[in-house]
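Trainee: Below you'll find the structure I mean.
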Amino acid sequence: MYYKQQIKKLWVRIAVLASAGVLALTLIIAVILKAVAYSVSGTVLDGEAIYNVNAGRATQEALLEAARSKGMPEIAQEDMVEFEAETCTVTVYRGVELTVTDQGVTSAIIVRKGDTIEKALKDNGMALGDDDIVNPDRSLVISARLTVDIKRCCHVAVSFDGQREEVTLYGGRVSDALKEAGVKFTEDMACSESVDAPLEDGMELTVTRLTSFSVTADGRTGSYKVSSATVGEALEKCGFTLGEHDRLNIPEGKKLTNGMRVVIQRVEITEEKETEEIDYGVQYISSSELPEGQTQLLSAGLKGEKELIYRATYVDGKLEERELLSEEIKSEPVKKIVRRGTGMPTDAPKLEFIDDGSGATPDPTPTGGRKPSVTVSAQAGALKDPWGNEISYSKTITGTCTAYCIPGGTTSIGLEAVRGVIAVDPEIIPYGTKMYVASPDGKIVYGYGVAGDTGGACMAGDIIADLCYDTLEECSIIGRRQMVLYILE
């Protein structure tokens, strides 16, 4: 019995010892885990407050969280934080609003609490000069919101009328520096900087007197004022541009003076083309068959054409000069041929041709319903007309001709329908072609003529030419017959 009691007590002791061991092990593990969880040591600097903290990670947020658990205030929106990983240090800069008036311009900036005013301004791009005046003092440490006024010290040089004055001002504008230098600025003066511009340290100001002058150009006259310059420079300053040929009444390089009157003449030089008619002139042929003092048209004239190129100079829109540069003949004129009588007066004027007695006869070479034949000879030659003139021709065309008369009328190309005008097919005989026309045996002579009308029968190929006469009597005598067209050179 005793033995059993001893065994029971032993088991109880063993159970108690086991429980104590488990508890001790749990405590040891908890201590170890806690030590591991806060194995990173760091420092959080918040102004004058220093927080030595342990954190599970070496990050800015973990260290700040540890510092907040020790009573550090929350980070505000205007605050700034810097983290240095190498030393595991977090620096908190509390933000403070600074209202700064600099050269009359007021702005609000966020600066670091604990910085001096000078450092805070420099960090925000408002560095102070050694002689600038700052209120409050630049060395004041910022601990709360402040209003700061800056008066910049500006050393300014003013040059006027050959004199140079150096002045020192605290803030202000260019006009203040001019006044300090003793310059009474008026509307007849100009400054190298706008008089309303804020002063800057080291600024160089040059004041010049304005010169009044007038400009007449493009139909208008205006008054202008510029600083001393040449005429050309003054015009450029006033927005006037001179063309290559424009003229000035005063040389561009001359110095501008008060009251000067400048006149700009706009000059334009162009090339112009013109077409001009060439008169055809008249060739007279003496004939004893006509009474003295009488004339008869043998061949109508045809005007020529030439192209003229001029160089035209316009001054302010008005033509000043035209110079002929070149002249080119486009088409030669064809002379009008007139027979002039040298014989005794007679009441019965003779026809120009000799009637062979055949009258109005049909074509001596009938074609049996076909179009009449046309013979062309390209061989040049020469012959004498009934008046003894030698004629040179380049070729001959032999074919059927007819006659027509339209007193007072005009041809298709605008010529007067008189004797000497011959209607043709212009595709075969171009307008303006000069001809001498006679029968193959020379007994019937039409004489000199020029292709100056369009013949319907010619276009149809029925005849080679239609000869214009002044009277129906002459037309009836010529009728329809073969004739030779001598194409004159």
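The values are calculated or read from the model by the stated rules, or taken from the named source; none is laboratory data. Remember, predicted model here, so these are calculated numbers, not experimental data. In this analysis, Cβ positions are derived from the backbone assuming ideal geometry, glycine residues included, and neighbour counts consider all displayed protein chains.
Trainee: Return only the number of the condition from (1) of a type in the set (A, V, I, L, M); (2) in contact with a strand residue (DSSP E or B) (Cβ under 6 Å, 6 or more places away or on another chain); (3) assigned to a loop (DSSP other than H, G, I, E, B) that I406 does not satisfy.
Mentor: (2) is the only condition that I406 fails.
Trainee: Which strands (runs of 3 or more DSSP E) does the range 51-102 wholly contain that include 2 or more residues that are acidic (D, E)?
Mentor: 80-84, 95-102
Trainee: OK, next. For the range 452-489, what are the residues that are in contact with a Leu (Cβ under 9 Å, 6 or more places away or on another chain), within 22 Å of E416 (Cβ to Cβ) and in a strand (DSSP E or B)?
Mentor: If the condition is that a residue be in contact with a Leu (Cβ under 9 Å, 6 or more places away or on another chain), within 22 Å of E416 (Cβ to Cβ) and in a strand (DSSP E or B), then G452, D453, A465 are the ones that fit.
Trainee: Got a sec? Which of E489, E427 is free of Cβ contacts under 8 Å to residues at least 60 places away in the same chain and charged (D, E, K, R)?
Mentor: Just a single option satisfies the conditions, and that option is E427.
Trainee: Looking at the range 114-139 only, could you name the residues that are among the hydrophobic types (A, V, I, L, M, F, W, C), assigned to a loop (DSSP other than H, G, I, E, B) and buried (at least 16 other Cβ atoms within 10 Å of the Cβ)?
Mentor: Residues satisfying the conditions are M126, L128.
Trainee: Something else about it: Among G452, G432, which is the only one that is of a type in the set (G, A, S) and either touching a Ser or Thr at 6+ places or on another chain (Cβ under 6 Å) or buried (at least 18 other Cβ atoms within 10 Å of the Cβ) (or both)?
Mentor: Being of a type in the set (G, A, S) and either touching a Ser or Thr at 6+ places or on another chain (Cβ under 6 Å) or buried (at least 18 other Cβ atoms within 10 Å of the Cβ) (or both) holds for just one of G452, G432, which is G452.
Trainee: All but one of (1) under 30 Å from G388 (Cβ atoms); (2) out of contact with any Pro (no Cβ under 7 Å at 6 or more places or on another chain); (3) surrounded by fewer than 16 Cβ atoms within 10 Å (Cβ to Cβ) hold for I278, so report the exception by its number.
Mentor: Only one criterion in (1) under 30 Å from G388 (Cβ atoms); (2) out of contact with any Pro (no Cβ under 7 Å at 6 or more places or on another chain); (3) surrounded by fewer than 16 Cβ atoms within 10 Å (Cβ to Cβ) is unmet by I278, namely (2).
Trainee: Continuing with this model, one more query. What is the number of the single condition among (1) part of a loop (DSSP other than H, G, I, E, B); (2) over 30 Å from R152 (Cα atoms); (3) in contact with a strand residue (DSSP E or B) (Cβ under 9 Å, 6 or more places away or on another chain) that T241 does not meet?
Mentor: (3)
Trainee: Now, a different point. Which residues, counting only those in the range 284-331, are outside any strand (DSSP E or B) and either without any contact (Cβ under 8 Å) to a residue 40 or more places away in the chain or under 30 Å from T410 (Cβ atoms) (or both)?
Mentor: G293, Q294, A300, G301, K303
Trainee: Determine, yes or no, whether T147 is assigned by TED's automatic domain parsing to the domain that holds V134 and either among the hydrophobic types (A, V, I, L, M, F, W, C) or free of Cβ contacts under 8 Å to residues at least 60 places away in the same chain (or both).
Mentor: yes
Trainee: Can I ask one more? If I filter the range 209-244 down to residues being polar (S, T, N, Q) and out of contact with any Phe, Trp or Tyr (no Cβ under 8 Å at 6 or more places or on another chain), which single residue comes out as surrounded by the most Cβ atoms within 10 Å (Cβ to Cβ)?
Mentor: T211
Trainee: Any idea which of (1) more than 46 Å from the chain's Cα centre (by Cα); (2) farther than 28 Å from A108 by Cα; (3) surrounded by 15 or more Cβ atoms within 10 Å (Cβ to Cβ) is the one V156 doesn't satisfy?
Mentor: Exception for V156: condition (1).
Trainee: Also, I was wondering about something else. Which condition number does R247 fail, the rest of (1) touching a helix residue (DSSP H, G or I) at 6+ places or on another chain (Cβ under 9 Å); (2) surrounded by 11 or more Cβ atoms within 10 Å (Cβ to Cβ) being met?
Mentor: The single condition R247 does not satisfy is (1).
For (1) modelled with pLDDT of 95 or more; (2) of a type outside the set (V, I, T); (3) touching an Asp or Glu at 6+ places or on another chain (Cβ under 6 Å), each residue gets a yes or a no:
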| site | (1), (2), (3) |
| --- | --- |
| A197 | no, yes, no |
| G202 | no, yes, no |
| T206 | no, no, no |
| V215 | yes, no, no |
| V226 | no, no, no |
| A234 | no, yes, no |
| K237 | no, yes, no |
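Trainee: Here is a further query. Kindly indicate which of S439, S412, S394 is over 21 Å from A380 (Cβ atoms) and touching a strand residue (DSSP E or B) at 6+ places or on another chain (Cβ under 9 Å).
Mentor: S412
Trainee: For residues that are under 57 Å from the mean Cα position of the chain (by Cα) and surrounded by fewer than 17 Cβ atoms within 10 Å (Cβ to Cβ), tally how many sit in the range 395-411.
Mentor: Qualifying residue count, the range 395-411: 2.
Trainee: Sticking with this structure for a sec: Do we have E165 as within 27 Å of F240 (Cβ to Cβ), charged (D, E, K, R) and modelled with pLDDT under 95 here?
Mentor: When the stated conditions are applied, E165 does not pass them.
Trainee: Still on this structure, please answer the following. Which is assigned to a loop (DSSP other than H, G, I, E, B), at positive phi and over 60 Å from the mean Cα position of the chain (by Cα), of G414, G388?
Mentor: G388
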